[in-house]
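Colleague: Here's a structure for you.
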Amino acid sequence: MKRIIALLVTVAALTTPRLATADPAPIPGSITTPDSVETRVSVLDFKDGMPSQATMDKVYDNLDFTHAFEAFVNTIQGVNVAAIQKGFVAAGVKDNDILIFSELMDAKSLFLTANADTVYFVGPRGDRTSPLAGGVSVVTVSRL
């Protein structure tokens, strides 16, 4: 038993200095954070992978701007529908009535993406307390 312990101590004593003086493997550059990164926002500075206070401020400002832009873009459709309904009411079209355009759209029409070969019929829905049913007969479509 004493021989085994002596052998283990000898092996440990011989290998420990070698392990302590071994050169560590180099860290690949592909997984390290550079000291600065040039972005669309600005140059972002890092020290040992940690962003500086100025960098964090720039990133959070950009994130706030992005969220504000998304809020605008994601709600403009609803604002557009409300404005269309308000325009119909101003033109005398009551809620749940249908406005049928007597002519095709052209360059003078005040619609953003209207097609010049489509007959449009639209109307404000109103308060949605009563059902709205509609249909187009084959005769109507064939006359167009």
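We did not get these values from a lab; they are worked out from the coordinates using the rules stated. Not measured: the values here are computed from a predicted model. Counting neighbours? That spans all protein chains shown, and the Cβs are built from the backbone with ideal geometry, glycine included.
Colleague: For a quick check: sort M105, M56 by the number of other beta carbons within 10 angstrom, fewest at the front.
Modeller: Ascending number of Cβ neighbours within 10 Å: M56, M105.
Colleague: Also: Please compute the volume of the convex hull spanned by the alpha-carbon atoms of region 42-86 and report it per residue in Å³.
Modeller: Spread over its residues, the Cα hull of region 42-86 gives 66 Å³ apiece.
Colleague: Between A91 and V122, how many nm apart are label points set 7 Å from Cα along the C-beta direction?
Modeller: 0.8
Colleague: With each pseudo-label sitting 7 Å past Cα toward Cβ, what's the Q53-I100 distance in nm, one decimal?
Modeller: Calculated label separation equals 7.0 nm.
Colleague: Which order do S52, S102 fall in if you start with the one that has the fewest other Cβ atoms within 10 Å?
Modeller: Fewest-to-most ranking of S52, S102: S102, S52.
Colleague: What trypsin sites (Lys or Arg not before Pro) in region 53-96 are in a loop by DSSP, with at most 15 other Cβ atoms within 10 Å of the Cβ?
Modeller: Within region 53-96, the qualifying trypsin sites (Lys or Arg not before Pro) (loop, at most 15 other Cβ atoms within 10 Å) are K94.
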